[in-house]
Each structure stands twice: as structure tokens, then as C-alpha cells.
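Working notes for the structure below.
The values are calculated or read from the model by the stated rules, or taken from the named source; none is laboratory data. The model shown is predicted, which means the values in this text are computed figures rather than measured ones. Neighbour counts are summed over all protein chains in view; Cβ atoms, including those assigned to glycine, are modelled from backbone coordinates with ideal geometry.
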Amino acid sequence: MSLTISGDTPNFNAATITTGTVTTLTTTTISDGTNSTSATNCIQGSAKAWICFKLDTTPTIRASYNVSSVTYVSTGIANVNFTNAMSDTNYAVTTTGYIDYTGSYGRGTAREINGTISTTYFQIRTDPNIGLFNGVDYIGCAVFR
């Protein structure tokens, strides 16, 4: 059984789909009944991928979205691989790192290596100015497009 709604006239206060799949939903505003936002904010303002991981010779992913794996390249350098490729290489990557200095966390840095970005992965390295290349306790990255 399928349901087709078309045109500008149909309005619903509430609807429930108990089984099945909605393959395409086109809307201009999304609301929870109290708060609302433009659908564009959800599409363009949400991270297309993010990850929290430990960079070591065997990187460990703590949590992620749209990231399939992290590949160790060399000391302090890793490739973050996407589950679903980006549409192009015009995305932005923001990164941060945390290092445990004798039980209290300090801020470290991680940054993208210029020129090493593709639709299927991006490459980052820890900051050599802090004297640590591996062993950054946590690296966080978010990708926006």
C-alpha cells in the first residue's frame, strides 16, 4: 500500500507511519511542536562526518559518524576514512586534540595536512611544536559541507 500526497493544499497536524519507509520528504521547515528551523539548517549546518579517536600505531575509534576507519600513516599522521564519500573536496574539517598531562587534560592540536584531502578521506597530523606526535589521548574532528 502506498500513500501519495501532492500539491500545496494538504496540511496535517500529525501523522504516524507505523510501518514502511518514506523515501523522500520535502519540506521547508522542521518543527517539534515548540521549536522550528529551516530544513536548510539541517542539511547544510549538520556535520557530514565526525570522529573521536586515539592516534597511535593502531588508532582506536571511541565514537564516530560516517567514518569507517582511521589509517595510521606514520608518526603523528593518520587518514580518516569516510563511510560515504563527500560530494566533492570543498568541505571544511575542524580538529582538536587532548593530551593527558599527569592526570589533568590539556589542549593539544591536530591539523589537516595541506593538499591531502579527497572525497573518501582527509589526513591530519598532530602539531610537532608541542613535541608529541603519537599518543595524543583524544583527537576530535568534524566535517562540514
Task: the stretch 49-60, residues that are closer than 12 Å to G140 by Cβ and over 13 Å from the mean Cα position of the chain (by Cα) - done: K54, L55
Open item on the list: Pairs please, first residue from the stretch 49-70 and farther than 27 Å from S87 by Cβ, second anywhere and polar (S, T, N, Q) and surrounded by fewer than 15 Cβ atoms within 10 Å (Cβ to Cβ), Cβ atoms under 6 Å, 6+ apart in sequence or on different chains.
Closed with: K54/T60
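Please go through the stretch 20-39 and pick out each residue that is among the hydrophobic types (A, V, I, L, M, F, W, C) and either touching a His at 6+ places or on another chain (Cβ under 9 Å) or surrounded by 13 or more Cβ atoms within 10 Å (Cβ to Cβ) (or both).
The first filter runs over the stretch 20-39 and keeps only residues among the hydrophobic types (A, V, I, L, M, F, W, C), leaving 22, 25, 30, 39.
Answer for the stretch 20-39, where residues must be among the hydrophobic types (A, V, I, L, M, F, W, C) and either touching a His at 6+ places or on another chain (Cβ under 9 Å) or surrounded by 13 or more Cβ atoms within 10 Å (Cβ to Cβ) (or both): I30, A39.
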TODO: Answer yes or no: is there a residue in the stretch 40-56 that is part of a strand (DSSP E or B), modelled with pLDDT of 85 or more, surrounded by 10 or more Cβ atoms within 10 Å (Cβ to Cβ) and among the polar types (S, T, N, Q).
DONE: no
Open item on the list: Looking at the stretch 10-17, can you tell me whether even one residue there is at pLDDT below 75, assigned to a loop (DSSP other than H, G, I, E, B) and either under 29 Å from the mean Cα position of the chain (by Cα) or closer than 29 Å to R145 by Cβ (or both)?
Closed with: yes
